[in-house]
Amino acid sequence: MDEGHGADQRLQALPEEVEQSLSACGGLEELIAHLPGDETLSRQSAIFRTLADPLRLKILAMLFVQPLCVCVIREVLGIADSRLSYHLGVLKKEGLIAGEAQGNWIIYRLTADGETWAQRLADAAADKPGERR
């Protein structure tokens, strides 16, 4: 490999295909320069953890159809208030949903980020005809 790439010197012998493509992209430093920053990766990781629960995905899917109050979400999911409160809190903390008080009711709706992820979920479901939505 090129001696101008100090970090590349740490690498042992590489498969020829990998060595050629790594050299073509500018070496190890350029590869590292193309990686997302730690803050971005940390944020994405938190969102993926939030989205890793099927109940939370179902909540996003419901709110993608329309804003809803807690009583409707609870009825559809068939879970206890405390469990629903926990899941709504996780979604709110990650900025995927927002709740707005309207009298005695709290109406939940998707944020812009929530809409993006709910759209991805809807697109994935549309790719699987016959799957219950």
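The values are calculated or read from the model by the stated rules, or taken from the named source; none is laboratory data. Source: prediction; values computed, not measured. For neighbour counting, all protein chains shown are included, and Cβ atoms are generated from backbone atoms with ideal geometry for every residue, glycine included. Surface accessibility is based on the protein's heavy atoms, side chains included, excluding ligands, DNA and RNA. Shrake-Rupley method; radii C 1.70, N 1.55, O 1.52, S 1.80 Å.
Quick notes on this structure:
- Residues of the chain: accessible area per residue with a 1.4 Å probe, Å²: 69 Å²
- Highest average packing first - 103-109, 83-89, Cβ atoms within 10 Å: 83-89, 103-109
- For Leu77, net neighbour charge (Lys/Arg +1, Asp/Glu -1) across residues whose Cβ lies under 14 Å away: +1
- Compactness of the chain as Cα Rg over 2.2 N^0.38 Å, two decimals: 1.58
- Centre separation in Å (Cα based) which lies between segment 18-67 and segment 81-128: 20 Å
- Debye intensity ratio in log₁₀ form over the Cα atoms of segment 28-75, taken at each q of 0.16 Å⁻¹: -0.62
- Length gained when the stretch Lys58-Ala13 is fully extended (0.36 nm per residue, less Cα-Cα span): 11.4 nm
- For segment 6-133, the relative contact order works out to 21 percent when only alpha carbon pairs closer than 8 Å and six or more residues apart are counted.
- Förster radius 30 Å - calculated FRET efficiency between Trp105 and Asp38, Cβ distance, rounded to 0.05: 0.15
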